[in-house]
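For reference, the structure discussed in these notes is given below.
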Amino acid sequence: AQSVTQPDIHITVSEGASLELRCNYSYGATPYLFWYVQSPGQGLQLLLKYFSGDTLVQGIKGFEAEFKRSQSSFNLRKPSVHWSDAAEYFCAVASSMDTGRRALTFGSGTRLQVQP
Amino acid sequence: SAVISQKPSRDICQRGTSLTIQCQVDSQVTMMFWYRQQPGQSLTLIATANQGSEATYESGFVIDKFPISRPNLTFSTLTVSNMSPEDSSIYLCSVWSGLYGYTFGSGTRLTVV
């Protein structure tokens, strides 16, 4: 069964500082990988996704993520954080073998706080 | 990508009652997925709904508590039955949108009093 680990429950960074949110997955083959953001009281917004190809994926709002097969990781990065980035971030994995027939599995989330 | 209309967006319900949540998709999809997000928690899959067959429930979720209807390829409902305060959560539906990945409804924020 697939699983996702987000080891950091809560991260605080200063505005303008760089950010890296960690995500490790467990899956037998190459998975489909996603990062979502959820602001307080809001729905889920897709930041970026990885299906195949280039292992460095660019997303919205200046975010990027790198798929590292050897480390089973898909860490999210941003070079300079803005106060509006404060939110909950979820990493998720899906099966590439049963496309669309299985649900996403979510990590426990990382809450990002941005200090002025 | 597919667009999902989810209703209601929020509700406050009395304990012991039931609430039915609807998701309408603007295209035909094989599977629809229902999630629960308890306060301060991540999303947990409740069940997978395939048109024409009974939904498949995840461990810890039962049909009597969360009956699901999937009458056609664009529509599904989730009912939260005999509610208690512990059912206060956000409930979301989701579908696969091909190259766009998974699309989510805007969620139903349920408060049970």
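The values are calculated or read from the model by the stated rules, or taken from the named source; none is laboratory data. Everything numeric here is computed off the predicted structure, so don't read it as measured data. Virtual Cβ from ideal backbone geometry, glycine too; neighbours counted across all protein chains shown.
Looking only at the stretch A:94-108, count every residue that is without any contact (Cβ under 8 Å) to a residue 12 or more places away in the chain and either crowded, with 23+ Cβ neighbours inside 10 Å or more than 8 Å from chain B (Cβ to nearest Cβ) (or both) and tell me the total.
So the count comes out to 2.
For the stretch A:1-93, give me every one of the strands (runs of 3 or more DSSP E) that falls completely inside it and has 1 or more residues that are at pLDDT 95 or above, exposed (fewer than 14 other Cβ atoms within 10 Å of the Cβ) and within 14 Å of chain B (Cβ to nearest Cβ).
Details: elements: A:3-5, A:10-14, A:19-21, A:24-26, A:32-38, A:44-50, A:56-58, A:64-68, A:73-78.
By residue number, A:10-14.
Filter the stretch B:23-47 down to the residues that are polar (S, T, N, Q) and over 18 Å from B:Val3 (Cα atoms), then identify the one that is farthest from the other protein chains (Cβ to nearest Cβ). It would help to see each step written out before you state the result.
Looking only at the stretch B:23-47, we keep the residues that are polar (S, T, N, Q), and these are B:24, B:27-28, B:30, B:37-38, B:41-42, B:44.
Add one more test, that the residue is over 18 Å from B:Val3 (Cα atoms), and what stays is B:37-38, B:41-42, B:44.
Numbers: B:Gln37: 9, B:Gln38: 12, B:Gln41: 8, B:Ser42: 5, B:Thr44: 8 Å.
Per the stated criteria, the residue is B:Gln38.
Can you pull out every residue in the stretch B:83-110 that is away from every other protein chain (no Cβ under 13 Å) and in contact with a Ser or Thr (Cβ under 7 Å, 6 or more places away or on another chain)? Break it down stepwise before answering.
Narrowing the stretch B:83-110 to residues away from every other protein chain (no Cβ under 13 Å): B:83-89, B:110.
Correct list: B:Met83, B:Ser88, B:Leu110.
Only one of (1) at pLDDT 95 or above; (2) within 14 Å of chain A (Cβ to nearest Cβ); (3) surrounded by 15 or more Cβ atoms within 10 Å (Cβ to Cβ) is not met by B:Cys13, so which one is it?
Answer for B:Cys13: the failing condition is (2).
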